[in-house]
Each structure stands twice: as structure tokens, then as C-alpha cells.
Amino acid sequence: MTKKNLLKGVVLVGIGAVIYGMLATFVKMAYAEGYTTAEVTVSQFIFGILGMLIINIFQKIKKGNTVLKASQKNILHLMLAGTSLGLTSIFYYLTVKFIPVSIAIVLLMQTVWIGVFLEMILDKKRPSLKKIAAVFVVLTGTLLATNVLKTNIQLDWRGIVLGLLSAVSFTTTMFTANRVAVTISAAQRCLFMLFGGAIIVFIFAIFTQTTAFNFTIFIKWGIILSLFGTIIPPLLMNAGFPYTGIGLGSIVAALELPVSVLMAYFILNEPVNPLQWIGIVLIILAIIIMNINIKKV
């Protein structure tokens, strides 16, 4: 692989991570205007599906019959995998409703050790000492980054539970996305996963939306949320990971963490103390430890 392609991959994954890192702040701003979680997620997924449909149409026009068409089996598997995508959005957006964005993103990043645990179960493979070390670093970083060591800090337990659930569902999404229907285009895979996620989101909206649905969400926040959450980051990361490989790509994708915290700090005025920054650095360090063999890229 040439250095040019490697750099291209790093840039694509990096931009995707930075954009996704901004998402939670926009969700929090939508909440401040009185919109519900159901309205936020439904608008995001509807515009996300429309955007991905347009991208797939353009891809079909440009490449014609050279585009490998998804089979019914591919579609079914991707939609099933996409249900975890819908759950991730629901859990994560509910998390930022109860606790600060800077802490919610730290909980989402628990995918590092949850992924190791899931890999051990599914692949029946004992984790290496390097991965075990990374898990301990993540847990230490989490204690610092969530500020729980300060006796005067009080976090809503609902936010903690929902944050951990978002990490579990996000880990499931990453595992299935890398193993299901990998032979078809990234645009098709994203589209069918969004269909699966939309089913979960719509069911959630039906059971939780107790007031009349505020359709102004589509004008004010829908397009922004879909671009920053369900269209641009998945496409950029799917395009960049083949060039970077999983190891280097995961390190670059960790940019999402500091970007999300910085957005919360500057836009939402959430306080972030030095200990929390140390914790964030430790979590990023753990991701680097787990993917240290980047020479194999």
C-alpha cells in the first residue's frame, strides 16, 4: 500500500470521527429547544435513509451493472445488524438527556473492553496480555473521565446505565458491520442497516411519544443530525478503513472522544477538569495499545 493511499485513509477516517464527535452536542441543543428523543431519532433516520437512497441511485447511475447487487439474504442480515444501530442512537441520545455529553461519550467508548469480552465469547479466544492491559487502562481512564472520584459529583444512574447500554449496542454494530455482507458496496450496506435501525426507532417513538409529534424537527435539526450521524461518518469510515486497516483506523477514529468533549466544553459550557482530560487521554492510549501493530497495515 502506498503512503498516498494510507494518508487518504487516515484523512477519511479522521474526518468521519470528528464529524460523529459533534453529534451529541447537536442532540443536546435539540433537547434544549423542547424536542423529544423520539423526534430526534425519527427525523435523523428518515433523512438518513433518504440521503443514502440518493447516494445509491447516483452510484448505480455512475457504475451501472458493475455494482454488486445485495441479495435478499444480504438485505435481511444487514437489517438485523442495523437494529443495533437504532438501539445505539436511542440509548446514546437518552444518555445525554440525563448526564453531560463529555461523560456520555466516555461511557460510549467502553466499547474497547466490551469488544474484547465479545470477541472472547464469539471467537472462543483468550484475550492477549496486551488487550487485558488495555482494558485496565480504559477502566482507570473511565474513573477519571467520569469524575466519579470526586465525592461532590452526582451522576444520574439512568444516564450511567443507558450509556453502558449504548456501548454494548455500538459494539454489536461494529462487530456485525465488519462481518455481514462485506462483498457489497458501503452505500448499500449503510442503507439496509439504516432500514433495520429505523424499525427500532419507529417502535420506540410509538411507545414513548406521549405528545403530538413536532414536525418542525425535520426543518431545524433533522438534516444536520442525519448528516453528522447516519450519512457522512459511516461512508467516510467505510471508505477509509480499507486503506488504514483496523489497527490504525481504530486509533484515528478515537478522535471522536476529544472532539465530543471539546464541543461540549465550548458550545454547551460543560465543565471539564484536568483529571477528566487525563482519563480521556488514558482511554485513547488504551485504543493505541490494542492496535499497536500498525506496521501490518
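Tabulated data
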{"quantity": "Evaluation of ILE49 against (1) part of a helix (DSSP H, G or I); (2) more than 22 Å from PRO258 (Cα to Cα); (3) more than 20 Å from the chain's Cα centre (by Cα) (one fails), failing number", "calculated": "(3)"}
{"quantity": "Residue match in the range 145-154 (condition: among the hydroxyl-bearing types (Ser, Thr, Tyr), modelled with pLDDT under 80 and open to solvent by 40 Å² or more (accessible area, probe 1.4 Å))", "calculated": "yes"}
{"quantity": "Selection status of VAL40, closer than 20 Å to ILE251 by Cβ, assigned to a helix (DSSP H, G or I), touching a Leu at 6+ places or on another chain (Cβ under 8 Å) and touching a residue at least 40 places away in the same chain (Cβ under 8 Å)", "calculated": "no"}
{"quantity": "Any pair with Cβ under 9 angstrom, 6 or more apart, that starts in the range 213-242 at a residue that is in contact (Cβ under 8 Å) with a residue 60 or more places away in the chain and closer than 15 Å to ARG189 by Cα and ends at one that is open to solvent by less than 40 Å² (accessible area, probe 1.4 Å) and among the basic types (Lys, Arg)", "calculated": "PRO234/ARG189"}
{"quantity": "Pairs with Cβ under 6 Å, 6+ apart, first in the range 45-68 and closer than 23 Å to ILE200 by Cβ, second part of a helix (DSSP H, G or I) and open to solvent by 50 Å² or more (accessible area, probe 1.4 Å)", "calculated": "PHE47/ILE223"}
{"quantity": "Pairs, first farther than 22 Å from VAL137 by Cβ in the range 92-110, second among the basic types (Lys, Arg) and part of a helix (DSSP H, G or I), C-beta under 6 Å, six or more apart", "calculated": "VAL96/LYS28; PHE98/ARG158; VAL101/LYS28"}
{"quantity": "Boolean, MET52 is closer than 26 Å to LEU108 by Cβ and open to solvent by 50 Å² or more (accessible area, probe 1.4 Å)", "calculated": "no"}
{"quantity": "Looking only at the range 213-264, and only at residues there that are open to solvent by 50 Å² or more (accessible area, probe 1.4 Å) and β-branched (Val, Ile, Thr), the one that is farthest from ILE49 (Cα to Cα)", "calculated": "ILE246"}
{"quantity": "Test: VAL252 is touching a Ser or Thr at 6+ places or on another chain (Cβ under 7 Å) and modelled with pLDDT under 85", "calculated": "yes"}
{"quantity": "Unmet criterion (only one of (1) closer than 16 Å to PHE170 by Cβ; (2) modelled with pLDDT of 90 or more) for ILE49", "calculated": "(1)"}
{"quantity": "Restricting the range 72-89 to residues that are of a type in the set (A, V, I, L, M, F, W, C) and touching a Ser or Thr at 6+ places or on another chain (Cβ under 6 Å), the residue that is nearest to ARG158 (Cα to Cα)", "calculated": "LEU87"}
{"quantity": "Considering residues of the range 21-49 that are of a type in the set (Phe, Trp, Tyr) and open to solvent by less than 30 Å² (accessible area, probe 1.4 Å) only, the residue nearest to VAL96 (Cα to Cα)", "calculated": "TYR35"}
{"quantity": "Matching residues in the range 85-100 - criterion: being assigned to a helix (DSSP H, G or I), farther than 17 Å from SER43 by Cβ and either open to solvent by 10 Å² or more (accessible area, probe 1.4 Å) or modelled with pLDDT under 90 (or both)", "calculated": "LEU87, PHE91, PHE98"}
{"quantity": "Boolean, VAL116 is surrounded by fewer than 21 Cβ atoms within 10 Å (Cβ to Cβ), part of a loop (DSSP other than H, G, I, E, B), modelled with pLDDT under 80 and within 18 Å of the chain's Cα centre (by Cα)", "calculated": "no"}
{"quantity": "Scope the range 161-179; condition aliphatic (A, V, I, L, M), open to solvent by 30 Å² or more (accessible area, probe 1.4 Å) and within 23 Å of LEU122 (Cα to Cα); matching residues", "calculated": "LEU164, LEU165, VAL168, MET174"}
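The values are calculated or read from the model by the stated rules, or taken from the named source; none is laboratory data. Worth saying up front: this structure is predicted, and the values here are computed from it rather than measured. A quick note on method: Cβ atoms are made from the backbone with ideal geometry, for glycine too, and the neighbour counts reach across all protein chains shown. Side chains are part of the model used for accessible areas, which takes the heavy atoms of the whole protein and leaves out ligands, DNA and RNA. Shrake-Rupley method; radii C 1.70, N 1.55, O 1.52, S 1.80 Å.
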